[in-house]
1. With the requirement that a residue be of a type outside the set (Asp, Glu) and assigned to a helix (DSSP H, G or I), what does region 62-93 give you?
2. Being β-branched (Val, Ile, Thr), surrounded by fewer than 17 Cβ atoms within 10 Å (Cβ to Cβ), outside any helix (DSSP H, G or I) and out of contact with any helix residue (DSSP H, G or I) (no Cβ under 6 Å at 6 or more places or on another chain): is that true of ILE11 here?
3. Of all residues in region 33-56, which are assigned to a strand (DSSP E or B), buried (at least 18 other Cβ atoms within 10 Å of the Cβ) and more than 15 Å from the chain's Cα centre (by Cα)?
4. Looking only at region 132-142, decide whether some residue is loosely packed, with under 14 Cβ neighbours inside 10 Å and charged (D, E, K, R).
5. Being among the hydroxyl-bearing types (Ser, Thr, Tyr) and part of a loop (DSSP other than H, G, I, E, B) is the requirement here; does SER59 meet it?
6. Give the residue, chosen from SER42, SER59, that is in contact with a strand residue (DSSP E or B) (Cβ under 8 Å, 6 or more places away or on another chain), under 21 Å from ILE132 (Cα atoms) and not charged (D, E, K, R).
7. Considering each of SER97, SER130 in turn, give the residue that is assigned to a loop (DSSP other than H, G, I, E, B) and among the hydroxyl-bearing types (Ser, Thr, Tyr).
8. Among the listed residues PHE48, PHE58, which satisfies the condition of being of a type in the set (Phe, Trp, Tyr) and touching a residue at least 60 places away in the same chain (Cβ under 8 Å)?
Amino acid sequence: MIPKRYFLRFILNIYPPLFFNRIILKKISKDYKEMTVVLKKSIFNINFHKTIFGGSIFSACDPYFPTMYYNIFEQKQKKLIIWVKDAEIKYINPANSTLRLSFKIQDIQINEVENALALNGKHEITNKVSAINREGIICAQAAITIYLRDPNFIN
């Protein structure tokens, strides 16, 4: 049987908004705490200056943290309502080449969410990710605020 994470990777990689922006999910850890994404520079995502569009970079930052949290808590038999509540991106350098983004969630963050859900039934947490070019230069940094709610919470 094919592990769910491989199916998830396949689905996200053929999802049109990601596919046509040349955003490729390369790796998902078994525990869903890490994902590696590559944004390939191509004719589909370059601007007049021959750098990657900021919107394509933002698209590469957007869906992964909620997906990670959802699957982390699903493995714990907890179905949560999860979505991006806020996102902020800072463009630091022009993206002249393919970018790599490493999404990571720490155990301390998962504990923070679990404790808040037990007390309030909902929580917001901000995670950060950097878009790094082939030379190791940070081209953009994003802060993604995730809203998590336990629909079964009884106050």
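FYI, it's all coordinate maths here, none of it is from the lab. This structure is a prediction, so every number in the text was calculated from the model and none was measured. No Cβ is skipped: glycine too gets one built from the backbone with ideal geometry, and neighbour counts run over all protein chains shown.
1. Hits for region 62-93 are TYR64, PHE65, PRO66, THR67, MET68, TYR69, TYR70, ASN71, ILE72, PHE73, GLN75.
2. Here the answer is no, as ILE11 does not meet what is asked.
3. Correct list: ILE52 only.
4. Yes, region 132-142 contains at least one residue that is loosely packed, with under 14 Cβ neighbours inside 10 Å and charged (D, E, K, R).
5. no
6. Only one candidate passes the filter, namely SER59.
7. Being assigned to a loop (DSSP other than H, G, I, E, B) and among the hydroxyl-bearing types (Ser, Thr, Tyr) holds for just one of SER97, SER130, which is SER97.
8. PHE58
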